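Accompanying notes for the structure given below.
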Amino acid sequence: MTDVTDHEVLIERAAMARERAYVPYSGFRMGAAVLTTGEEIVVGSLVENVSLGLAMCAERVALFACVAAGARPQALALVSPRTDGSVTFPCGACLQVALELGGPDLVVVAATTDGEVQQAILADLLPRGPRKA
């Protein structure tokens, strides 16, 4: 899976997960979907908490659900509003977790609520991220 058009269903599932986000503080709805090595799709939604450190990004929720399902990720998609006018890609913490679980060749697809889609390989987004030996 390397072409954006191949990720249409993944983006649709991330958009559905976005609608279930719990964001009473920021209102910034994000949803994510992971295509597993077993060709299943697992989703995650942003979950906020009044104690900010207890919040969890949609991407990590989906990545952790992938592991809980006994699989590993081969592609990660997220859908969210733009940040500063640009497509929103995963934060550093989410990229690090994705690197650990999916490796540097993991495909990352970011889509906006108005339909713009961009994709990258994880190694390009986090080129010097710590890796397990």
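When the stretch 98-116 is examined, which residues are found to be under 13 Å from the mean Cα position of the chain (by Cα) and surrounded by fewer than 21 Cβ atoms within 10 Å (Cβ to Cβ)? Write out each step before concluding.
Residues of the stretch 98-116 that are under 13 Å from the mean Cα position of the chain (by Cα), as a first pass: 98-99, 101-102, 106-112.
Residues satisfying the conditions are L99, L101, T112.
Regarding the stretch 18-27, can at least one residue be identified that is surrounded by 19 or more Cβ atoms within 10 Å (Cβ to Cβ) and modelled with pLDDT of 95 or more?
yes
Which count do you get for residues in the stretch 27-39 that are part of a loop (DSSP other than H, G, I, E, B) and either aliphatic (A, V, I, L, M) or touching a residue at least 24 places away in the same chain (Cβ under 8 Å) (or both)? Show your work before the answer.
Initial filter on the stretch 27-39 (part of a loop (DSSP other than H, G, I, E, B)): 27-30, 37-39.
Then keep just the ones that are either aliphatic (A, V, I, L, M) or touching a residue at least 24 places away in the same chain (Cβ under 8 Å) (or both); that gives 28-30, 37-38.
Residues meeting the conditions: 5.
Just checking, which of R60, R72 is surrounded by fewer than 17 Cβ atoms within 10 Å (Cβ to Cβ) and basic (K, R)? It would help to see each step written out before you state the result.
On the way: R60 fails: surrounded by fewer than 17 Cβ atoms within 10 Å (Cβ to Cβ).
Matching residue, one of R60, R72: R72.
Scan the stretch 40-84 residue by residue and report those that are in a helix (DSSP H, G or I) and at pLDDT 95 or above. Before you say what the answer is, go through the steps one by one.
Let us first name the residues in the stretch 40-84 that are in a helix (DSSP H, G or I), namely 52-54, 58-68.
Those that are in a helix (DSSP H, G or I) and at pLDDT 95 or above: L54, A58, E59, R60, V61, A62, L63, F64, A65, C66, V67, A68.
Answer yes if at least one residue in the stretch 86-107 is among the charged types (D, E, K, R), over 24 Å from K132 (Cβ atoms) and at pLDDT 95 or above, and no otherwise.
First pass over the stretch 86-107, keeping only residues among the charged types (D, E, K, R): 100, 105.
Then drop every residue that is not over 24 Å from K132 (Cβ atoms), which leaves none.
No, the stretch 86-107 contains no residue that is among the charged types (D, E, K, R), over 24 Å from K132 (Cβ atoms) and at pLDDT 95 or above.
The values are calculated or read from the model by the stated rules, or taken from the named source; none is laboratory data. In this text the structure is predicted, and so the values were computed from the model without any measurement. Using ideal geometry, Cβ is built from the backbone for each residue, glycine included, and neighbour counts are taken over all protein chains shown.
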